[in-house]
1. Starting from region 38-61, keep only residues that are over 14 Å from Gly28 (Cα atoms), then list their pairs with residues that are hydroxyl-bearing (Ser, Thr, Tyr) and more than 10 Å from the ligand (Cβ to nearest atom) whose Cβ atoms are within a distance under 7 Å, requiring at least 6 positions of separation or different chains.
2. I'm checking my understanding of the structure. Among residues of region 4-30 that are over 17 Å from the mean Cα position of the chain (by Cα) and modelled with pLDDT under 95, which one is surrounded by the most Cβ atoms within 10 Å (Cβ to Cβ)?
3. Surrounded by 13 or more Cβ atoms within 10 Å (Cβ to Cβ), over 13 Å from the mean Cα position of the chain (by Cα), among the polar types (S, T, N, Q) and closer than 17 Å to Arg59 by Cβ - does that describe any residue in region 31-46?
4. Given the structure, is Ala132 within 10 Å of the ligand (Cβ to nearest atom) and hydrophobic (A, V, I, L, M, F, W, C)?
5. Can you tell which of Ala114, Ala107, Ala101, Ala147 is more than 21 Å from Leu39 (Cβ to Cβ), within 10 Å of the ligand (Cβ to nearest atom) and either in a loop (DSSP other than H, G, I, E, B) or not polar (S, T, N, Q) (or both)?
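The values are calculated or read from the model by the stated rules, or taken from the named source; none is laboratory data. These figures come from a predicted structure and were not determined experimentally. Cβ atoms come from the backbone with ideal geometry, glycine included; neighbour counts cover every protein chain shown.
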Amino acid sequence: MRYSNMTILLHWLGAGLIFLTFGIGAWGLVPTPNTAHKLPLLWLHMGLGLSLLVLTALRLMLRARRGGPRLKRPTRTAARPGRPQPWLTRLAQPVQNLLYAATPLMALSGLGLAWQAGYGQDLRALPADFYAFSLRAAHGTFSSLLAALIVLHLLTWAYYQFIRGENALAWMWFRKPKKDEHE
Ligand code: HEM
């Protein structure tokens, strides 16, 4: 699989941002009482979530302009006639597509929740309970869906990397473009 260096950069930037935003949400915001101390963490979470929205839009634009990854040569992972593909590898592509959808859904539901909670008028607003707003449940549900998709994505990578011995990490790592290739 051949990805451009720009696609690879955006992939790792997105992965880092998702882990950070998710971690701050689940383990930082949820257990913290709604006092003024929570505001900086909340702003950080919102800022990171919004930058993820921009990054996902950039990735989708890049994909629409350049198309998906090119298959350089048939790999050992390619389907062999008469041999069923394991469910994990059959799920790989739909999981990737759903990841592209789940990230903006998270960010947009978060943005809507922030609007419902009054951050559109006052950035220091702090409701007694975020669950009073309809989008809090949606944001929480999407976060569970996103977590499940990330686990499946990592399992697929681990399957290729350790069971099929394909060095799948190298597909998503930087390399010097060859003379006859352009990025
Ligand atoms: C892809 C981006 C995002 C991810 C992965 C994410 C993740 C999370 C997670 C995991 C939680 C805790 C959910 C739970 O356990 O029920 C949460 C809560 C929250 N998020 Fe996000 N979020 C994102 C974007 C945003 C954005 C853009 C905003 C606002 C502009 C936002 C505002 C909030 C708020 C207000 C809460 C509730 C905090 C609380 O209940 O104390 N999020 N988020």
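1. Thr56/Tyr100; Leu60/Tyr100
2. Within region 4-30, the subset over 17 Å from the mean Cα position of the chain (by Cα) is 4-5, 27-30.
After this cut, where a residue has to be modelled with pLDDT under 95 as well, the list is 4-5.
Values: Ser4: 16, Asn5: 13.
Once the filter is applied, the top-ranked residue is Ser4.
3. Checked against the condition, which is being surrounded by 13 or more Cβ atoms within 10 Å (Cβ to Cβ), over 13 Å from the mean Cα position of the chain (by Cα), among the polar types (S, T, N, Q) and closer than 17 Å to Arg59 by Cβ, region 31-46 yields no hits at all.
4. Considered against the rule, which asks whether it is within 10 Å of the ligand (Cβ to nearest atom) and hydrophobic (A, V, I, L, M, F, W, C), Ala132 comes out as no.
5. On the way: Ala114 fails: more than 21 Å from Leu39 (Cβ to Cβ); Ala107 fails: more than 21 Å from Leu39 (Cβ to Cβ); Ala101 fails: within 10 Å of the ligand (Cβ to nearest atom).
Answer to the check: Ala147.
Yes/no matrix, rows are residues, columns are (1) without any contact (Cβ under 8 Å) to a residue 60 or more places away in the chain; (2) out of contact with any helix residue (DSSP H, G or I) (no Cβ under 6 Å at 6 or more places or on another chain):
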| residue | (1), (2) |
| --- | --- |
| Gly120 | yes, yes |
| Leu123 | no, yes |
| Ser134 | yes, yes |
| His139 | yes, no |
| Phe142 | yes, no |
